[in-house]
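The values are calculated or read from the model by the stated rules, or taken from the named source; none is laboratory data. Every value quoted in this text rests on a predicted model; they were computed, and no experiment measured them. Cβ placement follows ideal geometry from the backbone for every residue including glycine, while neighbour counts extend to all protein chains displayed.
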């Protein structure tokens with residue numbers, strides 16, 4: 001049985017850790033609420049822009065815009081979205097595993113993969129393994145996510161338009177429901193637009209469809225990138241909330257066990273002292289006789 005002093009030190013350490021995990025849980029929950037609000041507010045704009053692009057795209061030839069056609073290259077671009085910090089469960093591990101599977105699939109198809117890593121965890125992982133990392137960027141911030149996403153999308157678009165890669169894919173974490181998320185793959189470039197329309201309408205375009213699409217497609221790509229980065233950041237915060245909840249619960253359970261062990265140790269210490277006193281008193285009484 002451990003000493004009372006050692007048990008008290010352990011209880012104090014576990015209690016301090018629980019305070020930290022509970023504080024981190026509250027911070028992550030606040031960030032999650034803020035970033036989810038931003039993602040929800042931008043969703044109608046993203047959907048509306050997609051409908052407009054889908055209405056304009058059938059009126060031009062696919063090959064007329066560079067974002068709609070694949071480049072002739074042996075390289076495939078892959079954007080890997082991870083977090084800057086840890087303590088979010090298996091969030092980063094799952095993303096990196098999915099990226100590794102994508103790279104293996106492309107290599108089997110005789111394609112080479114160039115990486116663009118967003119988030120410090122992914123940057124560190126792939127840089128240490130001497131992967132072909134074309135560019136890096138920190139994770140988007142809570143205060144100015146749109147500005148960060150716009151800068152990243154601009155770099156990615158320039159990368160694709162340079163002809164260095166034939167396609168651009170994303171590996172990120174997306175929502176399945178309000179409380180569930182999983183790692184997803186999505187092909188962003190060349191842009192694939194559904195030409196199916198529920199109601200066939202004849203539009204009069206001013207300016208011409210080609211001019212409209214030259215303005216709409218870059219904006220459409222930018223909005224798609226922004227939406228995915230917002231979703232990935234929200235999923236990270238949700239993963240951190242879940243991880244810190246489990247950590248806090250485990251700390252509480254450990255505190256209960258340590259407290260019970262402390263009470264047993266204290267009881268044994270008192271019993272031992274009473275036995276020593278009783279034995280000494282009995283010995284003294286016999287000696288006096």
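Looking only at the stretch 156-182, which residues are touching a residue at least 24 places away in the same chain (Cβ under 8 Å) and closer than 17 Å to residue 71 by Cα?
156, 157, 159, 160, 161, 163, 164, 165, 166, 167, 168, 169
Tell me the residue from 109, 13 that is surrounded by fewer than 16 Cβ atoms within 10 Å (Cβ to Cβ), closer than 28 Å to residue 243 by Cα and free of Cβ contacts under 8 Å to residues at least 12 places away in the same chain, please.
Just a single option satisfies the conditions, and that option is 13.
Would you check if there is a residue in the stretch 120-143 being closer than 17 Å to residue 73 by Cβ, at pLDDT 95 or above and surrounded by 13 or more Cβ atoms within 10 Å (Cβ to Cβ)?
Taking every residue of the stretch 120-143 in turn, none turns out to be closer than 17 Å to residue 73 by Cβ, at pLDDT 95 or above and surrounded by 13 or more Cβ atoms within 10 Å (Cβ to Cβ).
Residues of the stretch 159-180 being under 12 Å from the mean Cα position of the chain (by Cα) and farther than 21 Å from residue 192 by Cβ, which ones?
Across the stretch 159-180, the qualifying residues are 173, 175.
Could you list, in sequence order, the residues of the stretch 202-248 that are surrounded by fewer than 22 Cβ atoms within 10 Å (Cβ to Cβ), over 29 Å from the mean Cα position of the chain (by Cα) and within 20 Å of residue 49 (Cβ to Cβ)?
Correct list: 203, 205, 206, 207, 208, 209, 210, 211, 212, 214, 215.
Looking only at the stretch 177-193, which residues are surrounded by fewer than 21 Cβ atoms within 10 Å (Cβ to Cβ) and in contact with a strand residue (DSSP E or B) (Cβ under 6 Å, 6 or more places away or on another chain)?
Listed by number, the residues that qualify are 184, 185, 186, 187.
Look at residue 193 and say whether it is part of a loop (DSSP other than H, G, I, E, B), assigned by TED's automatic domain parsing to the domain that holds residue 43 and farther than 26 Å from residue 115 by Cα.
No; evaluated as a whole, the condition is false for this residue.
Are there any pairs with C-beta distances below 6 angstrom linking a residue in the stretch 134-151 that is not assigned by TED's automatic domain parsing to the domain that holds residue 37 to a residue that is part of a strand (DSSP E or B), with the two at least 6 apart or on different chains, and if so which?
Listed pairs, sorted by first residue: none to list.
In this structure, is residue 6 surrounded by fewer than 16 Cβ atoms within 10 Å (Cβ to Cβ) and more than 29 Å from the chain's Cα centre (by Cα)?
yes
Would you check which residues across the stretch 38-94 are closer than 26 Å to residue 209 by Cβ, in contact with a helix residue (DSSP H, G or I) (Cβ under 8 Å, 6 or more places away or on another chain) and part of a loop (DSSP other than H, G, I, E, B) and list them?
60, 65, 69, 71
Confirm whether residue 233 is touching a helix residue (DSSP H, G or I) at 6+ places or on another chain (Cβ under 9 Å), in the same structural domain as residue 138 (by TED's automatic domain parsing) and at pLDDT 90 or above.
yes
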